[in-house]
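Bear in mind these aren't lab numbers, they're just calculated from the coordinates by the rules spelled out. Predicted model only: the values in this text are computed from it and were never measured. FYI the Cβ positions are ideal-geometry reconstructions off the backbone, even for glycines, and counts take in every protein chain you see.
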Amino acid sequence: MEVLTELDLSALWVTIRLATMTVAVLLIVGTPLAWWLAHTRSRWRPIVEAAVALPIVLPPTVLGFYILIALGPYGPLGRVADLTLAFTFTGLVIASVFYSMPFVIQPLQSAFEAVGKAPLEAAWSLRASPWDAFVTVISPIALRGYISAIVLGFAHTMGEFGVVLMVGGSIPGQTRVLSTTIFEHVEVGEYAQAHVVSAFMLIFSFLVLLTVYITNRRFPIHAS
Amino acid sequence: MSRLRACFGVQFPAFHLNVEMDVPMSGITAIFGPSGSGKTTLLRCLAGLERAPQGFLQVGDEVWQDEKVGLCRPLSQRPIGYVFQEPRLFPHYNVRANLLYGYKRVPSEERRIAMEQVGAHRIGAVLDAPVAAHEAEYGLTRLECHGQSLFVPPQAVAVGQVMRVHILSSDVSVVIGRTGCPTSVLNVLEATIIEIREMDQASVDVRLDIRAPLVASITRKSLITLGLKPGQRVFAHIKVVALNEELKACSTGDWAKKPQAPRMSVGEISSSAE
């Protein structure tokens, strides 16, 4: 018997692609949002913070249900553009972005809060444009926050199950990820295969968290 | 005659500021007032760090802020210098990269100083001083320096161990009386002026004798104000000393087991944060 079947390998590949794209989207969307949350004096802040944290407490099926409706043929996209993203890889990425959002936004937000506005103002006064100041001053000082955000966002996306099943179904090669593969294996009584994939996920998750804690210990707050 | 005209109204929860000013662009304008009266807020508005909702700012012929038309030039496009109230070094850069940060972003034709001029004037003295005592009460280590005392942050070395002390001329200043001016500088040493050497337009080097050579770098203006001459008895204020790591490392005894103290010792306790 092969250690990982072809189906398992394609699920692994889908999982890695999904997690990478989700983290990439979240870093692009999350950086300005986390920055705004860290520094705004707006009274909307607690509302936005609560909305961002919602996926932590919400059952994934609830989140998945609403996203499924929104991406389906009767959702806003389906009606206006005749675009149905439910049960597609793109739809899965959109759902994962919402699902993993707090795990990327929150580390970034606390990193930006710790950096404060002082270095930014100093950079502006030395003629650095806002973008220049962000790249050369803020992001290196907030490096640890970025590492945490990337690793946690990636790992959390790899571990999602409920949302994937609701929005993506489990179409091999397209929307079947490792966590749903385990479910399928168990359902048809392939316990040996379920063991292999589960053990892989277990070891992977442990290594990821180990990396986070080691980097947080080793990495100076300000990498030079 | 070009002038700076500004009008700001800022509302904070516990504070509001209304300012209208019209001052000449030439010379030096001082702003004074009791603490909390809004001096910093005004400067932040002028710099563009704070955006007054109904602000107006004209510098010479250029309008930098006019909220009636929604104009506010960002700080990075205002050719000004802003000295913050606390140090704002970039912690992820070394000293050189910190200095270069602004330098690189100013167009070369606007630069008034070359990078080579920075830190070119680095001369100083090297002294070997044995540890005289560990003053636990003050949390300091006292070094014996040719009959005088030099206090440094606690060192993990045994009494009698010789430490190599580096003192840059830019970290030494000269005063005439010991009690004349109150100071937070910890190390005040008696010294005799040996020689005064003119360095450039602005600064002079004063070679001092503390039964060992020491150099102080002072401005020409203080030289004239103080009327310093060779042979004169003065006091040297030593603001920063650096201790040699290698000599410390070859020490033995109980003190060597204690954690290493910071390499850069700052005589002025108030500024010893690293």
Dipole in debye (nearest 20) - the protein assembly as shown, about Cα centre, beta carbon charges: Lys, Arg +1; Asp, Glu -1 | 1320
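In debye, nearest 20: dipole of region A:12-163 around its Cα centre with unit charges on the Cβ of K, R (+) and D, E (-)?
Approximately 200 debye in magnitude.
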Listed by chain and number, the aspartates and glutamates with an alpha carbon less than 20 angstrom from that of B:LYS68, same-chain partners under 8 positions apart left out, are B:GLU20, B:ASP22, B:GLU50
When A:ILE69, B:ILE238, B:ILE28 are arranged by how many other beta-carbons sit within 10 Å of their Cβ, fewest first, they go B:ILE28, A:ILE69, B:ILE238
Karplus-derived HN-Hα couplings along region A:172-188 (A = 6.51, B = -1.76, C = 1.60, θ = phi - 60°), whole Hz, x at Gly and Pro = x, x, 10, 10, 8, 10, 4, 5, 6, 4, 4, 4, 5, 4, 5, 4, 9
Leaving out same-chain residues fewer than 8 places away, which aspartates and glutamates sit with a Cα under 14 Å from that of B:LYS221?
-> B:GLU198, B:ASP200, B:ASP205
Given a cut-off of under 8 Å on Cα pairs at least six residues apart, what relative contact order in percent is computed for chain B?
-> 14
GNM flexibility winner over chain A from A:PHE112, A:PHE206, A:PHE98 (Cα, springs under 10 Å) = A:PHE206
If you average 1/r over every pair of different alpha-carbon atoms in region A:6-218 and take one over that average, what Kirkwood value in Å do you get?
-> 18.7
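Rounded to two decimals, what is Rg over Rh for region B:91-138 when you use alpha-carbon atoms and the Kirkwood radius?
Across region B:91-138, the Cα-based Rg/Rh ratio is 1.28.
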May I ask you to derive the relative contact order of chain A, considering only C-alpha pairs under 8 Å and at least 6 residues apart, and to give it as an integer percent?
-> 31
If you project the alpha carbons of chain B onto their three principal axes, what span does each projection cover, largest first, in Å?
-> 72, 45, 39
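If you take all C-alpha pairs in region B:3-88, what percent of them are over 15 Å apart?
Roughly 59 percent, rounded to a whole number.
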Kindly provide the helix-only [θ] at 222 nm of chain B, computed as the sum of -39,500 (n - 2.57) over DSSP H runs of four or more divided by all residues, to the nearest 500 deg cm²/dmol?
-> -3000 deg cm²/dmol
Which is the longest part of chain A that has none of the trypsin sites (Lys or Arg not before Pro) sitting in a DSSP loop with at most 16 other Cβ atoms within 10 Å?
-> A:118-224
Choose one answer from B:LEU208, B:LEU99, B:LEU43: the residue with the largest mean-square fluctuation in a GNM of chain B with alpha-carbon springs under 10 Å.
-> B:LEU43
What whole-number value in cubic angstrom gives the convex hull volume per residue for the C-alpha atoms of the protein assembly as shown?
-> 252
So which chymotrypsin sites (Phe, Trp or Tyr not before Pro) in region B:95-140 are both in a DSSP loop and have at most 13 other Cβ atoms within 10 Å of their Cβ?
-> B:TYR138
Using packing as a proxy for protection, rank A:148-154, B:231-237, A:53-59 so that the peptide with the highest average count of other Cβ atoms within 10 Å comes first.
-> A:148-154, B:231-237, A:53-59
GluC sites (Glu not before Pro) in region A:1-108 lying in a DSSP loop, each with at most 11 other Cβ atoms within 10 Å of its Cβ, come to A:GLU2
May I ask you to derive the relative contact order of region B:29-140, considering only C-alpha pairs under 8 Å and at least 6 residues apart, and to give it as an integer percent?
-> 11
Rounded to the nearest 500, what is chain A's calculated 222 nm mean residue ellipticity when only DSSP H runs of at least 4 contribute -39500 (n - 2.57) each, over all residues?
-> -24000 deg cm²/dmol
Peptide-level mean, for A:194-206, of C-beta atoms on other protein chains within 10 Å = 0
Loop-resident chymotrypsin sites (Phe, Trp or Tyr not before Pro) in region A:20-54 with no more than 12 other Cβ atoms inside 10 Å, DSSP not H/G/I/E/B, are A:TRP44
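What is the ratio of the Cα radius of gyration of region A:107-224 to 2.2 N^0.38 Å, where N is its residue count, to two decimals?
Working: Rg = 20.3 Å, N = 118, 2.2 N^0.38 = 13.5 Å.
Ratio of Rg to 2.2 N^0.38 Å for region A:107-224: 1.51.
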Give me a single rounded figure for B:88-100: the average over its residues of other chain Cβ atoms within 10 Å of their Cβ.
-> 4
Number of partner chain Cβ atoms within 10 Å, mean per residue of B:41-48 = 1
